[in-house]
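Asker: Okay, handing you the structure first.
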Amino acid sequence: QVQLVESGGGLVQAGGSLRLSCAASGTIFSINAMGWYRQAPGNQRELVATITSGGTTNLADSVKGRFTISRDNAKNTVYLQMNSLKPEDTAVYYCNADRVRTVLGTIFGSWGQGTQVTVSS
């Protein structure tokens, strides 16, 4: 079993910054890709950013130049540095881990419980 625990959300004014963290716990051998998704009220969940174990990143066009994703493989942790935040970034942010190799086998598509990010204008 894999648990993803997010932290770092909160309320910030437009133009401000927040840093999200997500730590995966369990008997983990490796994690392929980790990433962040978000869901605003009335909207579908959308991709924000992903990063592979080798460090290849993919960011949504709406956050390029403002958000940075990074990870610490030794700690099974992924980070999302969010700068120049806009009110439209307001959403619940979810951490995702894909292809987590554990002592019990490979687990696909693990999700965290979500952390609220609210950007005021």
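Asker: Report in % the part of the accessible area of the chain that belongs to carbon and sulfur, leaving out ligands and nucleic acids; probe 1.4 Å.
Answerer: Values: 2930 of 6270 Å².
In the chain, the share of accessible area belonging to carbon and sulfur is 47 percent.
Asker: Counting only protein chains, not ligands or nucleic acids, how are Phe67, Phe29 ordered by accessible area (probe 1.4 Å), most first? Each step should come with its number before you reach the end.
Answerer: On the way: Phe67 10, Phe29 125 Å².
In descending accessible area the options line up as Phe29, Phe67.
Asker: Normalising by the residue count of segment 1-102, find the relative contact order in percent from Cα pairs under 8 Å and 6+ residues apart.
Answerer: Numbers: 213 pairs, mean separation 38.5, N = 102.
Taking the mean separation of contacting Cα pairs over the length of segment 1-102, I get 38 percent.
Asker: Once fully extended, how much extra length lies between Thr52 and Ser17, figured as 0.36 nm per residue of separation less the alpha-carbon to alpha-carbon distance? Before the final figure, lay out each step's value.
Answerer: On the way: separation 35, 0.36 × 35 = 12.60 nm, distance 2.39 nm.
Difference between extended and current length: 10.2 nm.
Asker: Starting from the Cα coordinates of segment 58-121, work out the convex hull volume and express it per residue in Å³.
Answerer: Working: hull volume 6.5 nm³, N = 64.
Enclosed volume per residue, from the Cα hull, is 102 Å³.
Asker: If you don't mind, another one. Enumerate the calculated ³J(HN,Hα) couplings along segment 65-82 in order (Karplus 6.51 cos²θ - 1.76 cosθ + 1.60, θ = phi - 60°), each rounded to whole Hz, writing x wherever the residue is Gly or Pro.
Answerer: Ordered by residue, 3J(HN,Hα) equals x, 10, 10, 10, 10, 8, 8, 10, 5, 5, 9, 6, 10, 10, 10, 9, 8, 10 Hz.
Asker: Would you mind checking which residues have amide H under 5 Å from Gly16's amide H? H placed 1.01 Å from N; only 5 or more apart, or other chain.
Answerer: Here the answer is Leu85, since their amide H atoms fall under 5 Å of that of Gly16.
Asker: Next question. Top mean-square fluctuation among Gly42, Gly55, Gly15, Gaussian network model of the chain, C-alpha springs under 10 Å?
Answerer: Of Gly42, Gly55, Gly15, the most mobile in the Gaussian network model is Gly42.
Asker: Let me ask something else. Counting each pair of different Cα atoms once, what's the Kirkwood radius of segment 35-79 in Å, rounded to one decimal?
Answerer: On the way: mean 1/r = 0.0882 Å⁻¹.
Hydrodynamic radius (Kirkwood, Cα pairs) of segment 35-79 is 11.3 Å.
Asker: At 1.4 Å probe radius, can you tell me the per residue accessible area of segment 1-83 in Å²? Don't skip to the answer; put the middle values down first.
Answerer: Working: 4320 Å² over 83 residues.
So segment 1-83 comes to 52 Å² accessible per residue, rounded to a whole number.
Asker: Can you work out the base-10 log of I(q)/I(0) for segment 1-114 at q = 0.15 1/Å, using the Debye formula on its C-alpha atoms alone?
Answerer: Here log10 of I(q) over I(0) equals -0.60.
The values are calculated or read from the model by the stated rules, or taken from the named source; none is laboratory data. Everything quoted here is computed from the prediction, not taken from an experiment. When the accessible area is computed, the model is the full protein with side chains, heavy atoms only, and any ligands, DNA or RNA have been set aside. Shrake-Rupley method; radii C 1.70, N 1.55, O 1.52, S 1.80 Å.
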